[in-house]
């Protein structure tokens with residue numbers, strides 16, 4: 001809580017926008033760098049892993065990240 005007001009969790013869309021901005025700012029490394037785990041992202045944004053699953057799906061659709069089965073999620077090369 002901030003100032004006695006409970007925090008409203010961010011939506012998947014809000015998180016996707018924030019994470020996209022962080023990726024573009026280089027906070028998660030260069031293209032090809034692996035993103036943190038779903039659990040780490042869920043902790044960072046104070047949401048459940050199911051919300052992060054939706055977020056990563058949105059970022060894949062927008063070609064911000066790519067998934068490599070068995071390895072993880074990586075920053076996509078610039079378009």
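Key figures
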| read-out | value |
| --- | --- |
| Helix 49-61 vs. the chain, principal-axis angle (Cα, 0 to 90°, nearest 10) | 40 |
| In degrees, nearest ten, helix 12-24 long axis to first principal axis of the chain (Cα) | 50 |
| Contact order normalised by residue count of region 12-75, Cα under 8 Å, 6+ apart, percent | 40 |
| Once the Cα gyration tensor of region 21-60 is diagonalised, semi-axes √(5λ) in Å | 18, 11, 9 |
| Cα shape, region 36-79, gyration tensor, a/c 1.5 rule | prolate |
| Within a Gaussian network of the chain (alpha carbon springs, distance under 10 Å), most fluctuating of 47, 55, 65 | 47 |
| Inter-site label distance for residue 10 and residue 40 at 7 Å from Cα along Cβ, in nm | 1.6 |
| Choice from 26, 57, 48 showing the highest fluctuation, given a GNM over the chain with Cα pairs closer than 10 Å | 26 |
| Global size of the chain as Cα Rg and Dmax, reported in angstrom | 13.1, 44 |
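Here, each number is a calculation from the coordinates, and none is a lab measurement. Keep in mind that this is a model prediction, so the values were computed, not measured. All Cβ positions, even for glycine, are placed from backbone atoms using ideal geometry, and neighbour counts span all protein chains on display.
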